[in-house]
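Have a look at the structure below before the remarks.
Every read-out reported here was derived from the displayed coordinates using simple, explicitly stated rules and does not represent laboratory data. Just so we're clear, the structure is a prediction, and the values are computed from it rather than from any experiment. Heads up, the Cβs are rebuilt from the backbone with ideal geometry, glycines too, and the neighbour counts pull from every protein chain shown.
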Amino acid sequence: MKVINDFKENEDGSATIEFLGIVPIVLIILMVVVQFVVGIHGVIVAQSAVNEYASVYAVTGDTADADATAQKILDTASYVSGNLSVSNTGGKNFTADINVNISLIFFPEKLRENHIIPNISYTTSTSGRVIE
């Protein structure tokens, strides 16, 4: 009976067990925070790309140059992909739109390629005037 009571009162290693129980929770919270930061960065990249697209299109009036400039910005973030479009709203005025997909970075590439894991979609636009 004394051996059982000594075993119950002995708390050696309890801190290790508690630590091992908390580690997965902390890692999951860290992954969520990192994905949130990646999502915010993806939104900033998308807004920057559409602004550059509008700037180049306003000066040159050429969609190919504007597409190339915006694509360079989109290429800075490997987890962001999107397409741009421009539409004339009358006269020299235009609206540039971008629709991007931001990947969830903690899932394997194979799942992201086959679209098993959904992406985060984001759309933004800006308007401007062609300068002559």
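Label separation (Lys110 vs Thr89): 4.7 nm, computed from points 7 Å beyond Cα along the C-beta direction.
With a simple spin-label model that places each label point 7 Å from the Cα along the Cα-to-Cβ direction, the separation between Glu18 and Ala58 comes to 5.9 nm.
Measuring r between the beta carbons of Ala68 and Ile25 and using R0 = 30 Å, the FRET efficiency lands at 0.10.
Evaluated with a Cβ-only charge set (Lys, Arg +1; Asp, Glu -1), the chain carries a dipole of roughly 280 debye about its Cα centre, given to the nearest 20.
Each of Leu84, Thr95, Ala46 was placed along the dipole of the range 2-129 (beta-carbon charges, centred on the mean Cα), and the one lying farthest toward the positive end is Thr95. When only Cα pairs below 8 angstrom with a gap of at least 6 residues are kept, the chain shows a relative contact order of 23 percent.
Spacing of the modelled spin labels on Ser125 and Ile44, each 7 Å from Cα toward Cβ, amounts to 2.6 nm.
Going through (i) 1.24; (ii) 1.04; (iii) 1.39, the figure that equals Rg/Rh (Cα atoms, Kirkwood Rh) as computed for the structure here is (iii). Summary of packing: across the peptides 18-26, 52-60, the per-residue average of other C-beta atoms within 10 Å ranks them, highest first, as 52-60, 18-26.
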